[in-house]
Amino acid sequence: MDQQAELTTEQVLKRDIPWETYMTSKLITGTCLQLLRRYDNRSESYRAGLLDDDGPAYVQVFVSILRDIQKEETVEYVLGLIDEMLSANPKRARLFHDKSLSDTDTYEPFLSNWFIKEKSCKILALIVSVRPKTQNGVTANGHGAASISKSKCTSIDDVLEGLVEWLCAQLKKPSHGGRAIPTAINCLASLLKEPLVRSSFVRADGVRLLIPLISPASTQQQSIQLLYETCLCVWLLSYNEHAIEYMTSSIVPRLIEVVKSSTKEKVVRVVILTLRNLLPKGTFGAEMVNLGMPQIVQNLKAQAWSDEDLLEALNQLEEGLKDHIKQMSSFDKYKQEVLLGRLDWSPIHKDPTFWRDNTTKFEENNFQILRVLVTILDSQNDPRSLAVACYDLSQFIQYHPAGRIIVTDLKAKERVMKLMNHDDPEVTKNALLCIQRLFLGTKYASFMQVNQTNGSIIIGTT
């Protein structure tokens, strides 16, 4: 088949447009109809004379049609007239800025009538996504694999590159407030099934553009569908190693927030499938554990889901999380407990070897774990958590060479001193121990004891 793949302006302008019907429907005025009758189906030289005599009036007609008429054949026809007019004489573009058009928005129709691109993009995305493929992965386009020329393969690559470029542009700077992003995501949900498109999307920095769209949806169906298709895109990208490298640390918390708040089974399913794929990659597994994903999976399993794929994915994710926890170092487990905000007297807290071996790891991420411990002193009401937090701070002071200075700089002393008058004796005891080590310093830490019988405390100076 050697048919022309692209519709030309010449072909479009052969159409017979029913201008009289539009006037009867009051979509154009009688004056517009008169101007169109003079202009339409005339020679280029005749049209040139009309434009020289009354160019702004014809521009007004063209712009009003683009603004008021939605029929694709007519929109394409008028765009063809404008393209032909400007191709013959580019200087005619100045007609759009004539003083007589000062009250007319001559830009808006070309922006708002983007639906031709929208429709074309959706249809093309679907056609491309279902095109037949040969066993060796080379795509066919209505031909046998042996007859595919290099140029045709390059041609389909160019089509996909162009689509991805346009879709990313819509995500970066939507050209239609309500429809650009949903249209782009809908197309990507089909196109990203293609490994070639995933690679192209990564190169276009598309992964970064998806992440802000991952957030709990409202109850509106359109919002839920957009969230589902966005998560579907992320799931498809989770099969591409390069795409995973571009997924920042914010993606897992966002996915978890979605799965915690969503009641739509299809949304929960695609998020769980994504998390399952990300679990063994990089630090995603540790993030999931730190954010309490094991308990969330338990909660989800307790619900009455009908989707077998979802139930299987939950079981796989649960087993994967268990294996990950087994492989975690003692510090990883400690970090998980602290980040969850509820502390208990697990053996690790009083293990001298743990503190000797891991004290420098508390310096990671600008002393993140120490900062969380300090925050627990302010935000937590559970006496056990408060007591353990005070004890852990005292251990850090004892085992880190600069422990006193660091904890003091984090404004922990004031918070711990408030807990010295806590109602719970366990909290009071460990707050006193922490303050004692803060005052006496590392040099004397191994000799310090709180008198558990009478609660007396010895405070020295340095």
Lone unmet requirement of (1) under 22 Å from D424 (Cα atoms); (2) of a type outside the set (V, I, T); (3) out of contact with any Ser or Thr (no Cβ under 9 Å at 6 or more places or on another chain) for F362: (1)
Qualifying residue in the stretch 43-52 (condition: surrounded by 14 or more Cβ atoms within 10 Å (Cβ to Cβ), modelled with pLDDT of 90 or more and among the aromatic types (F, W, Y)): no
Residue ID - farthest from the chain's Cα centre (by Cα), chosen from residues in the stretch 385-422 that are charged (D, E, K, R), at pLDDT below 95 and within 23 Å of W345 (Cβ to Cβ): K418
When residues of the stretch 170-190 are limited to those that are at pLDDT 90 or above and among the aliphatic types (A, V, I, L, M), the one surrounded by the most Cβ atoms within 10 Å (Cβ to Cβ): L188
Residue within the stretch 368-377 that is charged (D, E, K, R), crowded, with 19+ Cβ neighbours inside 10 Å and under 18 Å from V416 (Cα atoms) present: no
Pair list, Cβ under 7 Å, 6 or more apart: the stretch 53-78 residue farther than 19 Å from Q11 by Cβ and in a helix (DSSP H, G or I), other residue open to solvent by 10 Å² or more (accessible area, probe 1.4 Å) and polar (S, T, N, Q): P56/S100; Q60/T104; V63/T104; V63/T106; L66/N113
First in the stretch 206-218 and on the phi < 0 side of the Ramachandran plot, second anywhere and buried (at least 17 other Cβ atoms within 10 Å of the Cβ) and charged (D, E, K, R), Cβ under 7 Å, 6 or more apart: I211/R254; I214/R254; S215/R254
Among (1) of a type in the set (A, V, I, L, M); (2) assigned to a helix (DSSP H, G or I); (3) over 20 Å from D98 (Cβ atoms), the one test that L36 misses: (3)
Verdict on S100 being among the polar types (S, T, N, Q), at pLDDT 70 or above and open to solvent by 60 Å² or more (accessible area, probe 1.4 Å): yes
Those residues of the stretch 77-97 which are within 42 Å of the chain's Cα centre (by Cα) and crowded, with 17+ Cβ neighbours inside 10 Å, in sequence order: Y77, V78, L79, G80, L81, I82, F96
Residue within the stretch 193-200 that is open to solvent by less than 40 Å² (accessible area, probe 1.4 Å), modelled with pLDDT under 90 and not hydroxyl-bearing (S, T, Y) present: yes
Test: residue in the stretch 300-317 that is touching a helix residue (DSSP H, G or I) at 6+ places or on another chain (Cβ under 9 Å), closer than 30 Å to L432 by Cα and either touching a residue at least 12 places away in the same chain (Cβ under 8 Å) or of a type in the set (A, V, I, L, M) (or both): no
Answer residue from the stretch 1-28, given it is open to solvent by less than 80 Å² (accessible area, probe 1.4 Å) and farther than 18 Å from E76 by Cα and is modelled with the lowest pLDDT among those: S25
First in the stretch 394-422 and closer than 12 Å to L438 by Cα and without any contact (Cβ under 8 Å) to a residue 40 or more places away in the chain, second anywhere and among the small types (G, A, S) and not in a helix (DSSP H, G or I), Cβ under 7 Å, 6 or more apart: R404/G441
Residues (closer than 16 Å to T106 by Cβ and either crowded, with 17+ Cβ neighbours inside 10 Å or modelled with pLDDT of 90 or more (or both)) located in the stretch 63-74: V63, S64, I65, L66
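Quick grid of which residues meet (1) in a loop (DSSP other than H, G, I, E, B); (2) open to solvent by less than 30 Å² (accessible area, probe 1.4 Å):
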residue: L300; (1), (2): no, yes
residue: W305; (1), (2): yes, no
residue: E312; (1), (2): no, no
residue: E318; (1), (2): no, yes
residue: L321; (1), (2): no, yes
residue: H324; (1), (2): no, no
residue: Y334; (1), (2): no, yes
residue: T353; (1), (2): no, no
residue: D357; (1), (2): no, no
L275 being modelled with pLDDT of 90 or more, farther than 22 Å from L213 by Cβ and either surrounded by 16 or more Cβ atoms within 10 Å (Cβ to Cβ) or not aliphatic (A, V, I, L, M) (or both): no
Hits in the stretch 358-374 (condition: touching a residue at least 24 places away in the same chain (Cβ under 8 Å) and on the phi < 0 side of the Ramachandran plot): N358, T359, T360, K361, F362, I369, L370, R371, V372, L373, V374
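The values are calculated or read from the model by the stated rules, or taken from the named source; none is laboratory data. What you see is a predicted model, and the numbers here were worked out from it, not measured in a lab. Positions of Cβ are backbone-derived with ideal geometry, glycine not excepted, and every protein chain shown enters the neighbour counts. With ligands, DNA and RNA removed, areas are computed over all heavy atoms of the protein, side chains included. Shrake-Rupley method; radii C 1.70, N 1.55, O 1.52, S 1.80 Å.
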